[in-house]
Amino acid sequence: MMAGRRRRRRVFRDRLTEVLFAFPALWAFATVILVPFGYGIYLTFTDWDGVGARGSFVGWQNFVRAFYDGRFWHSMTLTLAYVAVSTVLLNVIAFGLAYALTRGVPGERVLRAGFFAPNLLGGIVLGFVWQFIFLRVLVHLGESFDVAWLMKSWLSSPTSAFWALVVVTVWQYAGYMMVIYIGGLMNIPGELFEAAAVDGAGPWTRLVRIVLPLVTPATVISIFLSLQRSFMVYDVNLALTGGGPYRSTELISMYVYRKAFVEQQYASGQAQAFILFAVASIIALVQVYVGKRREIEA
Amino acid sequence: MRKRARVWIWVFALVVTLSACSSGGSGNTPGNTAGEDAAQKGGASDAPAQAIKITLLNSKGEIQELFETAAQTFHEAHPDIELSVVPAAIGQSPYEKLTSMINAGNAPTIAMLDTSDVLKFADQALDLRNEQWVNDALPWTLDAAKTGDGRLIGFPFAVEGYGLMYNRAVIEKALGASWDPAALATRADLAALFEKLKAKGQAPILLSPMDWSLGAHFLPISYAVQGKTHEDVGAFLAALKKGEVDLASNAGFNGLMDTFELLKQYNVNQDDPLSGTYDEGVAAIGDGQAAFWFMGNWAWQQIKDFATDDGFGFVPVFISDNPEDYGNREITVGATKYLIVDRAQSTPEEQEAARAFLNWLVYDEAGQNMLVKEMGIIPAFSNIEQKPDDPLARSVLSYMNEGHTLQFMTTLPADHWNVLGAEMQKMLAGKLDRKGLAQAIEAYWREQAK
């Protein structure tokens, strides 16, 4: 009885200590994420325009309107295509780079640093640099060497502007994902390869049967990060294409931003942002769930 | 125990957060006029020991540095006031920046807004109708800042104009003779000049593809030429909203579109018309790659880095071949930026300081000098004798003095430039014909009626 109470008291003290240590982080999380998130959801049910009084309660109207907004779904589809294409390309290229740069190539470290460097630039700067490349440099090269598909700027037609966005995204993040894959590759024990070689496995078999399954944890993380970054992209979109030509490359974040602040329908934009949140989280959760299961099998 | 502690933490976090929100919010309530009254009683006579710090949100990025200099000059004249200038970021609308600053409880004392956004902040803005400068302002510049209940909440900061900008030296060099912009009176004259320039190997015009330029500046000329008074133009837009206008048979619209076709035909970038940027245009007109550019006088701040002389000015965007038609002698001129003073979150002293700054701009010689000479702003006040040095502003002024101005459509719906600018880009790229554009415009305006 006595011992039980004392233990309980000690448990309480431990818990209190834990809570006290966790408090600053929890408090920051609550004020910066949870409260604004909850408040944001509340705003989706109003007709607030961003200034002045908080608007009146309008029920589900903002969501209904979003479902009938053709442009919203156009942007959403475009974003899904962009996410799919850039996630695949990013991870294939990042894995390729990582695989090539963990085999003892001379100058490996310099190359790794080089591929990682774009990730250190801000999206706006990068967007403007690439805008210059697409508008001037490539066009100049096209004219000098008489290459027809380079003579017109990639940014002036909807399809090529879409690919320009993909190219820049891949260039920006491939190095980052490469670092994650390198981490995964370095963790594979060397004796596995020796054993495989003794058993007569060629390079391809080794790659498919040993390397790929064993880097699955890195793959799961990389795909998750690629999904998240390409879903939420705004800065590159703004600086590179600005949504143009004629609003054909307005990805979903830009569309939502413009809804809220250019068309000045704040609550409507907030409702669309919430739909975006739901779509993105479902996709990310499914990806992590599937990825984790494969990890266990490996 | 564990559960209870957790609940306790959450309650605490929420209380702290909510109280933080509400203390920010209480100053935010509309109708808080106590500050205003106190400001008038307080007066500037008893200067406080510590300098009053006020902020100004600047949404004219091209004069950010000059504005900082102006703030410094102002501080030297008024040591008790420190003004800091906050810029709105590239690509960020002043409306958004101000909205987020207000909601963060951090409203700037003075904010520079686009004309169409001024009245949206009526609840936050201080009534300025009793200020001295109200009597010296050009009367039409105050219209956009008057609220329904008779308050005046905006200080007209800048008058701006746009049209077809020319580089005279380049034209004269190509023609091998002197050239008088006043000799152009119709679209046919312009076409003849373009043809001559082209024959001499000089690219005639750059038509930049930015949606704001096409959607907020070019297309609205077709609205402005519908009538000589604000009421006539307003009636035209009202009819457009009701779906009563057939643009396909409208003379003003068709006239402007014929000119658009002409500019397209002689465009430097006609092979790849959507590839241009604003900066490219600045360089092209400045160093003579193009003889004309469709833009406004605000561009001088950048053009002057390229220009070798000041032979720049505007000719109208001609809309027909009859020199007498309204729009063939006029360029578009309007008040495009207003300053509002925050009353909801600023102390009476801060409001007083902000009003002192506005007065300094209008009545103090140093202030006038900063505004007109340094920033190259065309002032909206008749008492200011100084004239801008830059040739584009002087050109706009000469049209103003002759009364040859078209209304600058500054109070169009907020997404007009974005939605219809995109349609104009399609037209520029040849993806949309005139009929399609007319339908898109009609559909857009019908949507506004809802």
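The values are calculated or read from the model by the stated rules, or taken from the named source; none is laboratory data. Predicted, not measured: the structure shown is a model, and the values here were computed from it. Cβ coordinates were reconstructed from backbone atoms using ideal geometry, including for glycine residues, and neighbour counts include every protein chain displayed. Protein only, heavy atoms only, side chains kept; ligands, DNA and RNA dropped before computing areas. Shrake-Rupley method; radii C 1.70, N 1.55, O 1.52, S 1.80 Å.
Against the conditions (1) assigned to a loop (DSSP other than H, G, I, E, B); (2) more than 14 Å from every other protein chain (Cβ to nearest Cβ); (3) within 15 Å of B:Leu237 (Cβ to Cβ), where does B:Leu406 fall short? Just the number, please. If we test B:Leu406 against (1) assigned to a loop (DSSP other than H, G, I, E, B); (2) more than 14 Å from every other protein chain (Cβ to nearest Cβ); (3) within 15 Å of B:Leu237 (Cβ to Cβ), just (1) comes out false. With respect to the conditions (1) touching a residue at least 12 places away in the same chain (Cβ under 8 Å); (2) surrounded by fewer than 19 Cβ atoms within 10 Å (Cβ to Cβ); (3) not in a loop (DSSP other than H, G, I, E, B), B:Ala182 lacks only one, and its number is (1). Taken over the range B:47-69, the criterion of being touching a strand residue (DSSP E or B) at 6+ places or on another chain (Cβ under 8 Å) and either open to solvent by less than 50 Å² (accessible area, probe 1.4 Å) or assigned to a loop (DSSP other than H, G, I, E, B) (or both) is satisfied by B:Ala51, B:Ile52, B:Ile54, B:Thr55, B:Leu56, B:Leu57, B:Asn58, B:Ser59, B:Lys60, B:Gln64, B:Phe67.
Kindly evaluate B:Ala335 against the criterion of being modelled with pLDDT of 85 or more and under 25 Å from B:Leu256 (Cα atoms). Yes; evaluated as a whole, the condition is true for this residue.
The set of residues in the range B:135-146 being open to solvent by 30 Å² or more (accessible area, probe 1.4 Å), assigned to a helix (DSSP H, G or I) and hydrophobic (A, V, I, L, M, F, W, C) consists of B:Trp140 alone. Of the residues making up the range A:242-255, those that are modelled with pLDDT of 85 or more and either of a type in the set (Gly, Ala, Ser) or open to solvent by 20 Å² or more (accessible area, probe 1.4 Å) (or both) are A:Tyr246, A:Ser248, A:Ser253.
Of all residues being open to solvent by 20 Å² or more (accessible area, probe 1.4 Å) and in contact with a helix residue (DSSP H, G or I) (Cβ under 7 Å, 6 or more places away or on another chain) in the range B:384-402, which is farthest from B:Pro316 (Cα to Cα)? Just the residue, please. Result: B:Gln386.
Restricting to the range B:78-112, name every residue that is part of a strand (DSSP E or B) and either charged (D, E, K, R) or buried (at least 22 other Cβ atoms within 10 Å of the Cβ) (or both). Result: B:Ile81, B:Glu82, B:Leu83, B:Ile110, B:Ala111, B:Met112. Is it the case, given these coordinates, that B:Ala429 is surrounded by fewer than 22 Cβ atoms within 10 Å (Cβ to Cβ), modelled with pLDDT under 85 and either closer than 30 Å to B:Lys304 by Cβ or within 14 Å of chain A (Cβ to nearest Cβ) (or both)? Here the answer is no, as B:Ala429 does not meet what is asked.
For the range B:368-389, state whether one or more residues are outside any helix (DSSP H, G or I), aliphatic (A, V, I, L, M) and under 30 Å from B:Ser275 (Cβ atoms). Checking the range B:368-389: not a single residue is outside any helix (DSSP H, G or I), aliphatic (A, V, I, L, M) and under 30 Å from B:Ser275 (Cβ atoms). The residues of the range B:196-235 that are assigned to a helix (DSSP H, G or I), touching a residue at least 60 places away in the same chain (Cβ under 8 Å) and open to solvent by 10 Å² or more (accessible area, probe 1.4 Å), listed by number, are B:Lys198, B:Asp211, B:Trp212, B:Ala216, B:His217, B:His230. So for the range A:143-154 (the condition being away from every other protein chain (no Cβ under 12 Å) and surrounded by 17 or more Cβ atoms within 10 Å (Cβ to Cβ)), does at least one residue qualify? Checked against the condition, which is being away from every other protein chain (no Cβ under 12 Å) and surrounded by 17 or more Cβ atoms within 10 Å (Cβ to Cβ), the range A:143-154 yields no hits at all.
Among A:Leu225, A:Leu276, which is the only one that is more than 13 Å from chain B (Cβ to nearest Cβ), in a helix (DSSP H, G or I), open to solvent by less than 40 Å² (accessible area, probe 1.4 Å) and under 30 Å from B:Leu412 (Cα atoms)? Testing whether each residue is more than 13 Å from chain B (Cβ to nearest Cβ), in a helix (DSSP H, G or I), open to solvent by less than 40 Å² (accessible area, probe 1.4 Å) and under 30 Å from B:Leu412 (Cα atoms) leaves just A:Leu276. Among residues of the range A:26-48 that are open to solvent by 70 Å² or more (accessible area, probe 1.4 Å), those with a beta-carbon under 7 Å from a residue that is among the aliphatic types (A, V, I, L, M) and part of a helix (DSSP H, G or I) at least six positions away or on a different chain give the pairs A:Trp27/B:Ala13; A:Asp47/A:Ala267. Flag set for B:Lys120, criterion: assigned to a helix (DSSP H, G or I), open to solvent by 20 Å² or more (accessible area, probe 1.4 Å) and in contact with a helix residue (DSSP H, G or I) (Cβ under 8 Å, 6 or more places away or on another chain). Scanning the range B:236-251 for residues that are small (Gly, Ala, Ser), at negative phi and either part of a loop (DSSP other than H, G, I, E, B) or open to solvent by less than 10 Å² (accessible area, probe 1.4 Å) (or both) gives no hits.
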